[in-house]
Amino acid sequence: MIELDPLILGDNQFFGINHMSQEKAQQMAERFNDMQAIFEAYRAAHSLGIHAFMLNSNEKAGTICDYFRDHRSEFPGLVLYPSIPYPHKYANLVAEQGIVGAIQTALSGQSAVNLLGLAGKSLSLLAGDLTRILVMLIDVEMKIYRHLDFKAVYLQNILTDLLLGLEFREVFIEYCSYIEKKFRAVPGFLTMNVPRLATYLESCGIERAVICGAVNKIGYLMSPDVVSYEEYFRGSQNYSITAMSIFAGGAIPPRDAVRYVGQQGIRSIVFGASSRNHMQATIELMGEFA
Amino acid sequence: MDLKAVLMPSAKNGEPRKILNAAIIGAGRMGITHLAILGAHPAVKVVAIADDSPMMTRALRKFRPDLRLFDDFARMLESVQLDLVLIATPPHLHAAMIDAALDARLSVFVEKPFTIGAADALRLTARSRAVNGAFQVGYVNRFNDIFMTVKKLLDQKLLGRLFSFRSDMFGATVTRVSSGSGWRGSHQTGGGCLYEFGSHAIDLMVYLLGRPERVQGVVFTPVYSAGVEDIVRVNVIYSDGLAGSLTANWSDQSYRKPTNKIEILGEHGKILADQYELKIYLNRAVDPYVKGWNTAYITNCFTPVPFYVRGNEFTRQIFHFADSVLDPTQPNLSGFSGAAVTQEVIDMVFADADGGKQ
């Protein structure tokens with residue numbers, strides 16, 4: 001089993017994402033509009049001993065990675081867990097331009113596109129070699145993390161779960177092998193369907209991968225249901241799990257949330273915290289229950 | 001009616017009765033989403049897809065060799081034995097495809113907006129009554145946990161007589177000057193903010209409040225688009241003293257993702273809701289709600305779905321459709337007749353808009 005950091009600071013709070021309330025999301029978006037507030041939170045986390053950060057490749061992530069590169073000495077032992085891509089960038093592009101147009105825009109200006117002489121509609125000629133498009137898209141998303149240390153690279157859940165439903169077996173296999181080969185990192189998957197994904201990855205013959213999914217006692221963002229997750233955690237697992245959404249956006253008191261995760265035998269969580277006090281409290285609870 | 005009891009019997013009743021053969025027309029964003037979701041339904045097998053984009057068909061041929069692929073939907077309907085079809089093409093193509101599906105006596109799920117113009121919507125609704133099957137339009141908000149809760153509360157007359165409302169939708173879909181190409185850039189093909197976003201805001205209003213009497217004071221505002229509106233504002237008047245406003249804006253970059261918001265004021269209080277959160281203000285306590293403000297989050301009132309792709313409501317609407325095909329006697333929560341009313345309101349908005357429909 002792959003060893004994952006026990007405490008990974010997530011980034012939803014920095015980007016105005018809250019899975020329980022748009023109003024709370026808005027408050028966070030305003031509070032962390034200033035990049036300095038985000039950097040301050042990362043410094044606080046690091047000083048408390050949290051050295052692992054999950055960072056989605058959204059529009060602010062490039063600036064955050066620049067900051068980590070420019071302040072290397074202040075973040076010894078820093079480990080990133082990139083998650084790619086930022087889904088709403090693509091959702092909006094696809095809504096505006098269709099799937100083919102969105103891929104063209106995402107890849108436009110990339111050297112690979114220019115090298116291949118791909119312009120305009122000729123991208124569709126590449127359709128027969130979709131795995132090449134896939135690795136080009138991965139490269140686009142991974143560019144911002146260059147020269148930083150990362151352990152696992154997670155495929156964002158909207159894409160993971162879409163591909164899982166589509167049963168695009170070769171895409172899972174290609175993603176895993178490319179992440180290992182090119183980035184020497186562990187392939188990871190965010191998902192809202194942990195038991196189903198784990199079973200599917202096994203059926204694809206994928207041995208080395210990690211999964212990050214919601215784990216909370218109310219079953220929020222856990223499909224098909226909380227009972228299936230608990231059964232899965234009791235069984236013999238092939239993939240290391242990082243728990244996310246453990247507070248269910250704030251619906252579960254922190255103590256109950258961390259205790260529940262510990263009871264499932266999970267030793268790694270990604271959590272959102274907007275202040276030093278919240279981080280400290282979570283560290284203490286993890287010490288107590290996990 | 002307890003909405004949640006109606007939903008997803010297949011998830012509870014163990015073994016399904018039969019396996020339904022399904023086809024999807026249009027393998028764009030929504031068609032692909034539906035394909036992913038249907039793969040998890042125990043009683044449905046997607047056997048064929050029709051799409052005329054070489055890129056999508058080549059992708060499907062490579063990754064899903066089990067599917068039969070067609071570049072022409074009519075040929076697919078002729079060649080494949082089907083029970084149901086999902087239509088997720090640009091809206092101006094819907095009507096002819098639904099007609100062909102009804103000719104073949106298939107159940108139909110069609111993406112929103114239902115049609116271009118209410119005449120086709122009403123005609124197809126009438127035609128569908130002669131076919132034994134399920135007929136649903138993809139107004140996904142009708143399957144959102146929060147909006148379903150609001151519907152239940154309004155049906156229980158929690159607010160008493162209603163006076164005033166807002167139904168709004170905001171998002172960041174069009175945020176630059178676009179070339180105007182593609183079906184979203186023209187009303188003739190079902191593009192523009194009114195069809196794309198406004199239809200959701202209007203349908204949510206129709207779902208919760210019923211059919212309005214008239215609309216007035218429509219304003220279309222272009223921001224980035226050349227041929228269509230990016231913002232639409234409408235005043236909506238009901239016959240019983242209820243009036244409200246509707247705003248749809250697909251060019252608002254402060255929204256990370258598309259968001260519907262509603263506000264409904266009645267004699268006993270007010271409801272504020274979006275896809276995640278419900279606030280109820282009551283002038284008096286009504287068990288289990290207290291006098292004053294009550295807040296419920298999605299985490300208080302969600303029901304899980306068997307397989308999650310883009311949100312519980314997307315799975316729930318598709319599973320509801322499949323379950324309605326298995327048992328057409330069950331009421332469909334987003335049937336053709338309701339969507340035809342939404343289409344009539346869209347027509348009213350176009351008729352009132354400056355310059356009329358293009």
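The values are calculated or read from the model by the stated rules, or taken from the named source; none is laboratory data. No experiment lies behind these values; they were computed from the predicted model shown. With ideal geometry, Cβ positions are generated from the backbone for all residues, glycine too; neighbour counts draw on all protein chains shown.
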### Task
Taking the options B:Val174, B:Val85, B:Val108, name whichever one is under 15 Å from B:Ala340 (Cβ atoms), surrounded by 24 or more Cβ atoms within 10 Å (Cβ to Cβ) and among the aliphatic types (A, V, I, L, M).
B:Val108
### Message
Show the residue pairs meeting these rules: Cβ distance below 6 Å; 6+ apart or different chains; first residue within the range B:252-273 and among the basic types (Lys, Arg); second residue assigned to a strand (DSSP E or B).
### Response
B:Lys261/B:Asp168; B:Lys261/B:Asp274; B:Lys270/B:Tyr281
## Note on the structure
Out of (1) within 14 Å of chain A (Cβ to nearest Cβ); (2) of a type in the set (A, V, I, L, M, F, W, C); (3) over 21 Å from B:Gly28 (Cβ atoms), the one B:Leu209 does not meet is (1)
### Summary
A careful count of residues in the range B:285-340 that are more than 17 Å from the chain's Cα centre (by Cα), of a type in the set (D, E, K, R) and either within 14 Å of chain A (Cβ to nearest Cβ) or farther than 27 Å from B:Gly160 by Cβ (or both) gives 2
### Message
Which residue is farthest from A:His19 (Cα to Cα), if the candidates are limited to the range B:282-317 and must be among the polar types (S, T, N, Q) and surrounded by 19 or more Cβ atoms within 10 Å (Cβ to Cβ)?
### Response
B:Gln317
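Of all residues being more than 11 Å from B:Val174 (Cα to Cα) and in a loop (DSSP other than H, G, I, E, B) in the range B:246-260, which is farthest from the chain's Cα centre (by Cα)? Just the residue, please.
Of all residues in the range B:246-260, those more than 11 Å from B:Val174 (Cα to Cα) come to B:246-248, B:254-260.
If we keep only those that are in a loop (DSSP other than H, G, I, E, B) too, we end up with B:254-258.
Numbers: B:Ser254: 23, B:Tyr255: 20, B:Arg256: 20, B:Lys257: 16, B:Pro258: 13 Å.
Among residues in the range B:246-260 that are more than 11 Å from B:Val174 (Cα to Cα) and in a loop (DSSP other than H, G, I, E, B), the one farthest from the chain's Cα centre (by Cα) is B:Ser254.
Answer yes or no as to whether A:Phe68 is touching a residue at least 40 places away in the same chain (Cβ under 8 Å), farther than 18 Å from B:Ala172 by Cα and part of a strand (DSSP E or B).
Values: touching a residue at least 40 places away in the same chain (Cβ under 8 Å): yes; farther than 18 Å from B:Ala172 by Cα: yes; part of a strand (DSSP E or B): no.
No; evaluated as a whole, the condition is false for this residue.
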### Task
Residues that are within 14 Å of chain B (Cβ to nearest Cβ) and either among the β-branched types (Val, Ile, Thr) or within 24 Å of A:Tyr154 (Cα to Cα) (or both): find the helices (runs of 4 or more DSSP H) completely inside the range A:196-290 holding 2 or more of those.
A:226-234
### Summary
Per the filter on the range A:11-29, residues in contact with a Gly (Cβ under 8 Å, 6 or more places away or on another chain) and more than 10 Å from every other protein chain (Cβ to nearest Cβ) are A:Asp11, A:Asn12, A:Gln13, A:Met28
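Looking at the range A:164-176, which of the residues that are crowded, with 19+ Cβ neighbours inside 10 Å and within 8 Å of chain B (Cβ to nearest Cβ) is farthest from B:Arg310 (Cα to Cα)?
Step one: filter the range A:164-176 for residues crowded, with 19+ Cβ neighbours inside 10 Å, giving A:164-166, A:168, A:171-172, A:175-176.
Retained after the next criterion (residues that are within 8 Å of chain B (Cβ to nearest Cβ)): A:164-166, A:168, A:171.
Working: A:Leu164: 12, A:Gly165: 11, A:Leu166: 13, A:Phe168: 17, A:Val171: 19 Å.
The extreme case among them is A:Val171.
Pick from B:Leu194, B:Leu208, B:Leu204: which is under 27 Å from B:Leu333 (Cβ atoms), surrounded by fewer than 23 Cβ atoms within 10 Å (Cβ to Cβ) and among the hydrophobic types (A, V, I, L, M, F, W, C)? Steps first, answer last, please.
On the way: B:Leu194 fails: surrounded by fewer than 23 Cβ atoms within 10 Å (Cβ to Cβ); B:Leu204 fails: surrounded by fewer than 23 Cβ atoms within 10 Å (Cβ to Cβ).
Answer to the selection: B:Leu208.
Considering the range B:219-235 alone, what residues qualify as being assigned to a strand (DSSP E or B) and free of Cβ contacts under 8 Å to residues at least 60 places away in the same chain?
Keep residues of the range B:219-235 that are assigned to a strand (DSSP E or B), which gives B:219-221, B:231-235.
Result: B:Thr221, B:Ile231, B:Arg233, B:Asn235.
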### Task
Report, ordered by the first and then the second residue, all pairs with beta carbons closer than 6 Å, sequence separation of six or more or different chains, a first member in the range B:117-140 that is touching a residue at least 24 places away in the same chain (Cβ under 8 Å), and a second member that is basic (Lys, Arg).
B:Val131/B:Arg105; B:Val137/B:Lys112; B:Gly138/B:Lys112; B:Tyr139/B:Lys112
### Message
One residue is enough: does the range B:343-351 have a residue meeting the conditions closer than 21 Å to B:Val85 by Cβ and away from chain A (no Cβ under 14 Å)?
### Response
yes
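When only residues in the range B:30-60 that are charged (D, E, K, R) and crowded, with 17+ Cβ neighbours inside 10 Å count, which is modelled with the lowest pLDDT?
B:Arg58
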### Task
Kindly list, by first and then second residue, each pair from a residue in the range B:152-179 that is farther than 19 Å from B:Leu194 by Cβ to a residue that is assigned to a loop (DSSP other than H, G, I, E, B), limited to pairs with Cβ atoms under 6 Å and residues at least 6 apart or on different chains.
B:Leu159/B:His268; B:Gly160/B:Glu267; B:Gly160/B:His268; B:Arg161/B:Glu267; B:Leu162/B:Leu242; B:Arg176/B:Tyr224; B:Val177/B:Tyr224
